[in-house]
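Take a look at the structure set out below.
The values are calculated or read from the model by the stated rules, or taken from the named source; none is laboratory data. Here the structure is a predicted model, which means the values were calculated and not measured. Neighbour counts run over all protein chains shown; Cβ positions are idealised from the backbone, glycine included. Ligands, DNA and RNA are stripped out before the accessible areas are found, and what is left, the full protein with its side chains, is counted by its heavy atoms. Shrake-Rupley method; radii C 1.70, N 1.55, O 1.52, S 1.80 Å.
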Amino acid sequence: MPSCYIWSGKSERYHSRSCFTALKMEVHLVLIVLMLCDILWKTAECQCTLGNYRSTELRPGYQRDGDIMIGGLVTVEISFPFHLPSFTTVPSFVVSSYPVLLNYYNFLAFVSAVEEINNSSELLPNLKLGFHIYNPYNNILLMYTAAMGIFSGMDTGIPNYICKTSGPLAVIIEGLPAEHSSQFSSLSKIYHYPQISYTSGNLVMSDEVEFPYFYRTVPSDLHLCAGIVKLLTHFGWTWVGIIASSDENSMRAVQILREGIEQSGGCIEFIETFSQSNTLLFQDMKNISEIIHKSSTKVIILYCSKDYTEAVSHTSIWEAPGKVWIMTAEWQFVLPSYFIDRKNTLAFTVGKKIIPNFHKFVREVNPSMFPNDSFIEMWWRDLCNNQCLKSIQRSCSNDETSAYIIHCDIINSGDSYNVYNAVYSLAHALHDMITSRSGESESFFDFLPWKASHQRISATAVRRGLSLGTSHKDGCLSGTDTNELQKMAATQKQIQDEFDALQDLSNNTQIVIRPADKGGGIVIMDRSNYVKELHRQITDRNYYILLEEDPTIKLQEEIKEILHHYLKNLHFKNALGEEIFFDENGDLSIGYDIISPVFLPDGTRIKEIVGSYNPYAPPEQEFTIYEKAMTWDSTFTEIPPESRCSPSCLPGFRKLTREGEPVCCYDCIPCPEGEVSNQTDMDACMKCPEEQWPNQKKDVCIPKVITFLTYEEPLGITLTFICIFFIFINTVILGIFIHYKNTPIVKANNQELSYILLISLMLCFLCSLVFLGHPDKVTCILRQTAFGISFSIALSSVLAKTITVVIAFHATKPGSKLRKWMGSRVSFSIVISCSLIQTVLCLVWLFTAPPFPYLNKNSEIGTILTECNEGSIFAFYCVLGYLGLLAAISFIVAFLARNLPDSFNEAKYITFSMLVFCSVWVSFIPTYLSTKGKYTVAVEIFAILASSAGLLGCIFFPKCYVILLRPERNSRECLSKYKNY
């Protein structure tokens, strides 16, 4: 409303009139809007009236009164919608329903456990447990209806209303599917009721923050996914397919499965989902069946709740031969499918035990005390058959027997053990709560029904003055009761008085003084704020006036809040001696059994436990498998069967992933040189250590063979023989020259230099033997230095002989000054000076970077070559270069003096010898650099022998020929004849 302020003077009447006009206009607008709303509502009401289209009504629950009540949602019958909503027509709730034979044992286990606890004198001796059990039909709408019935205590449940003649509700035990369980949890946590599920492994419900009141006596499906991955890893199944229902929990599980399989090195060929609608399910399964027949994988994971597994078991997907099925429910082992039973089926099921006294309860209980229909009557008659287990076979008259005995042998296959643990978990939590609150036990029991007053008046919730009902000792009364109507009238009068007070307050002063809500004292606040607060509280739709508090409601609130603490810290041993406790996420610390069908010789099929997975066990014990207990179809060529996209890569090969395909699809290629793979399916080969080398198969590293040029091998023997032969020839020539030293031909060619040359060549032949054998420190030093110095002496001698020839020819000319250089001192000086330079180079080499023994591990494949490292390659080539320089000078001088008219002119022979020497060493360099291993040494030995033999043969063989074979030419007359010429 607009604010109207009163001003003094002439403007007072004007402003009062304008304020009144504005208020009047607002009132008219409000009336018009209300009239339009009323017209629109009546029009819509005439055009569309929604009715109740459910064809399956929720049957009344089964109830037994007690001091503490347990709510139960136990699915005994399942309903499936025929059609999904199209959102274009009025939705149809037509469903198909069928009983679940196995689930009726869950209902009986619930009742049996409660009776067993009530008959116990130790667990809850002063309390009697009661229950209120509904069948939610796996239908979300009926589930909520059943929940309201449990919360209110009436079959026609009303939200936010409690009408109970029994004790307070403590907990809800439910067997809902995973997705329904999470939706029910969002409702139960509003009322802070603990929720214990005996079937739901919903992944998201392990979140303690989002689901603080949720507990379960089964493991989380997160552990189920881990167990499946462990199973795949154990058998090496890396190529799998996944079929899952389209519900949220299954989709989350498939994602976790995918991550786990890929992290363990596996791949998924296909992921297919099917609808939850009956009409679409079989069409989806037809398409999935075609995919399975075309797929190459041999392992298929079927992930869905047990309710859908039963429907899937009647489809055609099982026709594909040679497939291993991994299932998350055991329906395949309970009811037969339309197709042949397969041995190659593995199922994960929560560990089950035989409940003590449960078989006796089933055998002796009176069926008339339970809700009854045609299915239940048939179910009980089946237990009269002689083929049933003796422990549950009932005594019946002949007219009650039935041939339908399919559920007789499946009493231990359902969730009855989980139900048993759920009920006993609540009982032990109540026991711990009562015994630990011994100081408050008197006030606790005062609120129980036998201690409460005879007349109990419940809290009457007033919403805008309308009563929802009261609780009376005789039951639930409607709002037409006279006393209640009087209370309602008084309440309405109180509300009216508060509105009047609010109106009066709005005309008073701007400041309000009121008592404080907590801690005493007063509060001073603005008048407009105080009016708004009062108006909100009085007109709020959820504002309740509590006339008188019911002590049962107080006890119920106390139980709900305290019970959580004792459930979280629960730890006890059940009747079978198993420790029962909830982990930090509210999950029961229990594992899975892996079961597989086994066919006995008489054709009977039984389920055999072939393995287990317990995530709470020590790491070395969490997964076990008994392969000897497993049976496989004869269609498999390998036992156990393999499921791979590509064959395994044997040791010695590695995987090469095919481009554009999953990592499990690959080709096998051999390991490169120097690398091995000692396991199957290795992604990369491993390099061998330097001292080792792959064997022929490249699957193991073996020690390398240490090799060097030895005297014993053929090459070494050949070189040694050649070396000794040339030494022998050299010695013979030296002996000839010494024996014929006084002959003209020996004297004419400077016999001293000839002796030096022959001795140096003999040293060259001898130094080649140092290159043979195992290198050590001494031999490595002697190899290059002895070779360099010996050849420098030989080449210096050749150079001196060449210079001597030139000087001798020119000195014979009249007046020549070269006569004074004709002595032997010049020749010796040349030899000593040239050899000394090489000696200095070798000494510098030895003192700076001397050669040393070296294990060359890379020169040859699979061998370690023991050789001499030159130490300084520069010094090595300096020595060779100096020898080349001497050879070049000798060649040039000899070439220029080759045509001198001397009867015994050595220049021609020296020229030819130098030509041979240079050719050998020029070809040595590329050959030396291109060879590896011990053949490098052989090349150097060959160069030494060849060059030395070239000098020996070209210079001395002609002279030996004359001395030995043409002695007539070895005379002064012959020498004078050639001089005159």
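Using label points projected 7 Å from each Cα along Cα→Cβ, tell me how many nm separate Asn287 and Ala888, to one decimal.
Each label point is offset 7 Å from its Cα along the Cβ direction, giving 8.7 nm.
Taking the Cα centre of segment 653-703 as origin, sum charge times position over the Cβ atoms of Lys and Arg (+1) and Asp and Glu (-1), and report the length of that vector in debye to the nearest 20.
Once rounded to the nearest 20, the dipole reads 100 debye.
Given H placed on each backbone N at 1.01 Å, which residues far from Asn869 in sequence or on other chains put an amide H within less than 5 Å of it?
The list, which skips near neighbours in sequence, is Phe852, Tyr854.
What is the spread of the Cα atoms of segment 653-703 along each of their three principal axes, largest first, in whole Å?
Sorted largest first, the three principal extents are 40, 15, 13 Å.
Pick out, from Pro714, Ser754, Leu841, the residue whose Cα sits farthest towards the positive end of the charge dipole of segment 714-952, with +1 on the Cβ of Lys and Arg and -1 on the Cβ of Asp and Glu.
Ser754
How many percent of the accessible area of segment 653-703 is carbon or sulfur, using a 1.4 Å probe?
Ligands and nucleic acids excluded, carbon and sulfur reach 51 percent.
Spelling out what I want: for every residue of segment 800-807, take phi, set θ = phi - 60°, compute 6.51 cos²θ - 1.76 cosθ + 1.60 (Karplus), and round to whole Hz; glycine and proline get x.
5, 5, 5, 5, 4, 4, 5, 5
Once the piece of chain linking Phe725 and Ser97 is laid out straight, how much longer is it, given 0.36 nm per residue of separation minus the C-alpha distance between them? Intermediate results must be reported in sequence, preceding the final value.
On the way: separation 628, 0.36 × 628 = 226.08 nm, distance 11.02 nm.
That pair, Phe725 and Ser97, stretches by 215.1 nm at full extension.
Using the Karplus equation 6.51 cos²θ - 1.76 cosθ + 1.60 (θ = phi - 60°), what ³J(HN,Hα) coupling, rounded to whole Hz, does each residue of segment 644-656 give in order, writing x for Gly and Pro?
3J(HN,Hα) across segment 644-656, in whole Hz: 9, 6, 10, x, 5, 7, 5, x, x, 10, 9, 7, 10.
Name the residues whose placed amide hydrogens come within less than 5 Å of the amide hydrogen of Val76, ignoring near sequence neighbours (fewer than 5 apart) on the same chain.
So Val76 has HN proximity to Tyr137.
Given Ser185, Gly227, Thr145, which one lies farthest toward the positive end of the charge dipole of segment 145-304, if we put +1 on the Cβ of every Lys and Arg and -1 on the Cβ of every Asp and Glu?
So the residue we want is Gly227.
So how many Å³ per residue does the convex hull of the Cα atoms of segment 714-952 work out to?
Hull volume over Cα atoms, normalised by residue count, gives 121 Å³.
Using the crude model of +1 on Lys and Arg Cβ and -1 on Asp and Glu Cβ, and no other charge, please compute the dipole size for segment 100-241 relative to its Cα centre, in debye to 20.
60
Mind listing the phi-derived Karplus ³J(HN,Hα) values for segment 166-174, rounded to whole Hz, using 6.51, -1.76 and 1.60 with θ = phi - 60°, and x for any glycine or proline?
10, x, x, 7, 9, 7, 10, 10, 10
Under the rule of at least 5 residues apart or a separate chain, name every residue whose amide H is placed under 5 Å from the amide H of Tyr215.
Amide H neighbours of Tyr215, under 5 Å, 5+ apart: Gln195, Ile196, Ser197.
With 22 Å as the limit, write out which pairs from Lys230/Lys294; Lys857/Lys934; Lys128/Lys189; Lys360/Lys390; Lys353/Lys568 have Cα-Cα distances beyond it, or answer none. Before the final figure, lay out each step's value.
Values: Lys230/Lys294 27 Å; Lys857/Lys934 12 Å; Lys128/Lys189 25 Å; Lys360/Lys390 10 Å; Lys353/Lys568 24 Å.
Exceeds cut-off: Lys230/Lys294; Lys128/Lys189; Lys353/Lys568.
For segment 653-703, with the dipole built from +1 on Lys and Arg beta-carbon atoms and -1 on Asp and Glu ones, taken about the Cα centre, which of Pro662, Gln692, Gln679 lies farthest toward the positive end?
In segment 653-703, that residue is Gln679.
Give me the dipole magnitude in Debye, nearest 20, for segment 714-952 about the Cα centre, with unit charges on the beta carbon: positive for Lys and Arg, negative for Asp and Glu.
Around 760 debye, computed over segment 714-952.
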